[in-house]
Amino acid sequence: MAKDKVRVTDLVRMKAEGTPITMLTAYDYPFARIFDQAGVDVLLVGDSLGMAVQGADSTLPVTLSEILYHARMVVRARRRALVVGDLPFLSYQVSIEQALRNAGRLIKDGGAEAVKLEGGTTMAETIRRLVDVDIPVMGHIGLTPQSVHRMGGHRVQGRRSGKDPGCRERLLEDAAAVEQAGAFAIVLEGIPVDLASEITAKAAIPTIGIGAGPACDGQVLVMHDMLGLTESFMPRFAKHYANLWHDASAAATSYIREVRERAFPAPEHCYGVKGG
Ligand code: KIV
């Protein structure tokens, strides 16, 4: 393990120092290795794998076994980053006992060092009980993809005033409840910049934003959005730092052409021929 291994306690220190926290999702060994070597602080084995990797139209079908399968690959690749495992839909909402068992499995069998779960005030007791048994919890409020049906789609939250789920004052209460319950950090997804800024200023724990603007203490992107590994849809909040879809497509096209033209394999790719 690297000397400067990132621990949950480092994230709170980074907020206090004003050092931005970097987080990316990862689902397999090679990309986790690349991101860890590049120096990302947190690797999230997110249930976004349902959409990014499995081609589903929401995160709802993802199972705990699938998160565990991917978490093990990411943990094998990790030297420095903190690995957070996501609790998928209905793996923690049924009862506190269920949450304890499944969060425990992400730590014990998956090798994650912390878990993430969606929800604010309604999840506070669950967070408290996980923290009581020393399972570090990252909260997640705002546009919570597991609430896609209640929200009427993947919609920006916190635009309306009020105390109903997804409304501005409710999200302020949700953030406070998650912090008071003992979470070490909180993801703010899909909320207006001024609301994210207010939550960040009030919270002693770091906020990590996705579609929540620059005032957050850190930022997270789904790796496929960051690398341009998506066929067409590009959410407004994401930025492509590469265009891997295009590059992979061009590589596959060249390979197919060279095989059809018998240009590949060339002598240098063969055994038992001169130079092979
Ligand atoms: O599942 C996920 O990848 C997430 C991030 C988008 C925060 O929850």
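The values are calculated or read from the model by the stated rules, or taken from the named source; none is laboratory data. The structure presented is a predicted model; accordingly, all values stated were derived computationally and were not measured. Using ideal geometry, Cβ is built from the backbone for each residue, glycine included, and neighbour counts are taken over all protein chains shown. Surface accessibility is based on the protein's heavy atoms, side chains included, excluding ligands, DNA and RNA. Shrake-Rupley method; radii C 1.70, N 1.55, O 1.52, S 1.80 Å.
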Problem set entry | Residues being open to solvent by 50 Å² or more (accessible area, probe 1.4 Å), within 13 Å of residue 211 (Cα to Cα) and among the small types (Gly, Ala, Ser) - total across the stretch 228-247 | 0
Seminar exercise, completed: If we ask which residues in the stretch 162-172 are outside any loop (DSSP other than H, G, I, E, B) and over 23 Å from the mean Cα position of the chain (by Cα), their number turns out to be 3
Exercise. Taking the stretch 173-190 as the search range and keeping residues that are open to solvent by less than 10 Å² (accessible area, probe 1.4 Å) and assigned to a loop (DSSP other than H, G, I, E, B), which one is nearest to the ligand (Cβ to nearest atom)?
Worked result: 190
Exercise. Consider residue 66 against the criteria (1) in contact (Cβ under 8 Å) with a residue 40 or more places away in the chain; (2) within 15 Å of the ligand (Cβ to nearest atom); (3) surrounded by fewer than 23 Cβ atoms within 10 Å (Cβ to Cβ); (4) not in a loop (DSSP other than H, G, I, E, B): it satisfies all of them except one. Which criterion is unmet?
Worked result: (1)
Exercise. Going by the structure shown, is residue 209 open to solvent by less than 10 Å² (accessible area, probe 1.4 Å), over 29 Å from residue 29 (Cβ atoms), of a type outside the set (A, V, I, L, M) and at pLDDT 95 or above?
Worked result: no
Exercise. Within the stretch 204-222, which residues are within 10 Å of the ligand (Cβ to nearest atom) and within 13 Å of residue 192 (Cβ to Cβ)?
Worked result: 209, 211
For this session: Return a yes/no flag: does the stretch 217-227 have any residue that is small (Gly, Ala, Ser), at pLDDT 95 or above and either open to solvent by less than 30 Å² (accessible area, probe 1.4 Å) or closer than 13 Å to residue 139 by Cβ (or both).
Result: yes
Problem set entry | Filter result (free of Cβ contacts under 8 Å to residues at least 12 places away in the same chain and among the polar types (S, T, N, Q)) within the stretch 156-201 | 161
For this session: Answer yes or no as to whether residue 196 is open to solvent by less than 80 Å² (accessible area, probe 1.4 Å), under 30 Å from residue 57 (Cβ atoms), small (Gly, Ala, Ser) and not in a loop (DSSP other than H, G, I, E, B).
Result: yes
Exercise. Taking the stretch 1-39 only, how many residues are in a loop (DSSP other than H, G, I, E, B) and within 19 Å of residue 229 (Cα to Cα)?
Worked result: 3
For this session: Scan 261, 268 and give me the residue that is without any contact (Cβ under 8 Å) to a residue 12 or more places away in the chain, over 26 Å from residue 51 (Cβ atoms), touching a Gly at 6+ places or on another chain (Cβ under 7 Å) and open to solvent by 90 Å² or more (accessible area, probe 1.4 Å).
Result: 268
For this session: Could you please give the count of residues in the stretch 118-157 that are open to solvent by 40 Å² or more (accessible area, probe 1.4 Å) and of a type in the set (S, T, N, Q)?
Result: 2
Exercise. Can you tell me which of 71, 112 is part of a helix (DSSP H, G or I) and surrounded by 24 or more Cβ atoms within 10 Å (Cβ to Cβ)?
Worked result: 71
Exercise. Is the stretch 158-170 home to any residue that is within 16 Å of the ligand (Cβ to nearest atom) and either surrounded by fewer than 22 Cβ atoms within 10 Å (Cβ to Cβ) or among the aliphatic types (A, V, I, L, M) (or both)?
Worked result: no
